[in-house]
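Worksheet: one structure, shown below.
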Amino acid sequence: MHDASQRAMPYSAMQQYDVIVLGAGISGLVAASILTSQGNRVAVVDSYDRVGGNHLDWSSPDGYTFDVGSLIFQDDSPLLRHFPELLSRYIPIKPSWGRLNPQGKITHYPISIRDDIIGAGPLGVARIFASVLYARIFCRRMDNAKDFARFWVGAYLLHRSGLETYMRRFYGVAADKIDLELARKRMLWIAEYASLKNLLRRLLTRKKPRAKNRQMARPREGFATLYQPSVDKLESSGVSFKLSAEMHQICKTVFGFELHLGDSSITTTRIVSTVPIEVAEKLCGTSTSCGLNTITLITLYFSFSGDRGFRQSIIYNFSYEGAWKRLTVYSDFYGRVNDREYFAVEVIAGAVTSPEQAETDFRLHARQNHLFLGDLKLEGSQTLTNAYPIYSKGAAASAADAIQRLRAFGIESMGRQGAFNYQPTARVSTIDVEVAIDGN
Ligand SMILES: Cc1cc2nc3c(=O)[nH]c(=O)nc-3n(C[C@H](O)[C@H](O)[C@H](O)COP(=O)(O)OP(=O)(O)OC[C@H]3O[C@@H](n4cnc5c(N)ncnc54)[C@H](O)[C@@H]3O)c2cc1C
């Protein structure tokens, strides 16, 4: 544990805040909004040079702007309650989703009755139904995400549809190593799709359910343009932003805490942390947790001219080969640049470890599946550590222990990184922070 006696600066010369928020991602911004509205003087500190956390974009000199992942927002998000000014900056989009199945077909996402079930032929269909029946009777005991998926769709369809391979790609570990609780939380759609009641309802109702909300993306210029008005608003309410901050350590004092930042220090009585747990642990000098592994995401940025081979804007890779997980065609949202389409390909580091390997692997797999026939040019790439928590078995318990240790030190840790929580959207991050702050 660090001691305040290490500091050299007189206490009166330090800036004092009621609350210091570590991290200026969605969780940090929402925390700052709530705490300020409660009358607190808040400082938001981030080692990144801009707000938005892992809402990251990348622009090429030729004018292409890509995102690190497929980042889509909705106009009914609770985030807009805190930052209504975002709404007019988003651009409305009409994304469509597809998936490359193991049979080399771009088909319906997440599963296609025509291609995955009927396409298996009479024998295949019989095998699918027999394996579902078997699973529902004999595989009721569930230990991990594979058991969960197998119970609902049966072992044969789980393999044939590529869902098992995709789970490995998505979660970073084999499906039978993924925590059951995460499966229950994140894979409920499998149960919904595969329940007999819902299957019958879908077959009997012809009308497609109407979307309740509008889908939106960041402005063409990037996330900085999106979030600047929110920063301005928070600053005018008294929030102080300290970006590009070198966070050295957090010391306990008789008055609360001191956060040492390069050549200055700030003090507070309360710290809310939304940065990765291990970053907070290092700052506090508490013991570091083990077993909290995260996914490193390599994103490849391509421009293209030719026949891409599909019409959807977002394609998931469910095939047995290829390290890439998902691709997003940004030119569908923002228009072509220099008459070329452009898209980002997300690759989970593991089978490939560098952008060069990821590119070679993607080009080969695309060629094998007759995708992107024409002029495909890599414009750039980005590697993001801590992109997603890996929810291997036991990780949830390790995260809970680490959060408890931080709590004992006095730090409230929350958010996607801070709670090691699989928050898929800004909507979920917002609600979780609202609950975490109001619960204190
Ligand atoms: C690939 C991808 C796709 C996504 N898709 C969507 C989507 O479609 N819709 C949607 O609403 N949201 C999406 N999200 C956003 C995400 O799911 C959360 O809503 C949100 O980004 C979580 O914010 P946060 O502030 O809790 O954490 P983050 O933004 O992850 O991080 C908060 C802070 O932690 C620190 N930090 C993070 N990583 C590191 C590191 N490696 N080292 C040191 N410090 C670090 C930084 O200070 C950062 O500001 C996506 C995110 C990613 C990465």
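The values are calculated or read from the model by the stated rules, or taken from the named source; none is laboratory data. All values reported here derive from a predicted model rather than from experimental measurement. Because the Cβ atoms are built from the backbone with ideal geometry, glycine has one as well, and the counts that use them run over all protein chains shown.
The criterion of at least 2 residues that are without any contact (Cβ under 8 Å) to a residue 60 or more places away in the chain is met by the following strands (runs of 3 or more DSSP E) wholly inside the range 13-131: 106-108. The single condition from (1) at pLDDT below 90; (2) touching a helix residue (DSSP H, G or I) at 6+ places or on another chain (Cβ under 9 Å) that F151 fails is (1). Look at (1) in a loop (DSSP other than H, G, I, E, B); (2) of a type in the set (A, V, I, L, M, F, W, C); (3) within 11 Å of the ligand (Cβ to nearest atom) and you find that L371 fails only one, number (3).
Which of (1) surrounded by fewer than 19 Cβ atoms within 10 Å (Cβ to Cβ); (2) more than 13 Å from the ligand (Cβ to nearest atom) is the odd one out, the single condition N317 does not satisfy? Evaluating N317 over (1) surrounded by fewer than 19 Cβ atoms within 10 Å (Cβ to Cβ); (2) more than 13 Å from the ligand (Cβ to nearest atom) leaves (1) as the failure.
Of everything in the range 342-392 that is among the acidic types (D, E) and farther than 26 Å from I178 by Cβ, the residue that is surrounded by the fewest Cβ atoms within 10 Å (Cβ to Cβ) is D375.
The test for being within 16 Å of the ligand (Cβ to nearest atom) and touching a helix residue (DSSP H, G or I) at 6+ places or on another chain (Cβ under 7 Å) holds for V345. Looking at the range 280-300, which of its residues are surrounded by 19 or more Cβ atoms within 10 Å (Cβ to Cβ) and modelled with pLDDT of 90 or more? The answer is A280, E281, L283, C284, L297, I298, T299, L300. Candidates in the range 18-39 are the residues that are touching a Lys or Arg at 6+ places or on another chain (Cβ under 8 Å) and over 15 Å from R416 (Cα atoms); of these, the one that is nearest to the ligand (Cβ to nearest atom) is I20.
Within the range 298-342, being aromatic (F, W, Y), closer than 18 Å to K105 by Cβ and within 24 Å of the chain's Cα centre (by Cα) holds for Y316, F318, Y320, W324.
P219 meets the conditions (1) at pLDDT 95 or above; (2) not in a loop (DSSP other than H, G, I, E, B) in every case but one. The failed one is (2). Scanning the range 395-440 for residues that are surrounded by fewer than 15 Cβ atoms within 10 Å (Cβ to Cβ), within 16 Å of the ligand (Cβ to nearest atom) and part of a helix (DSSP H, G or I) returns a single hit, V435.
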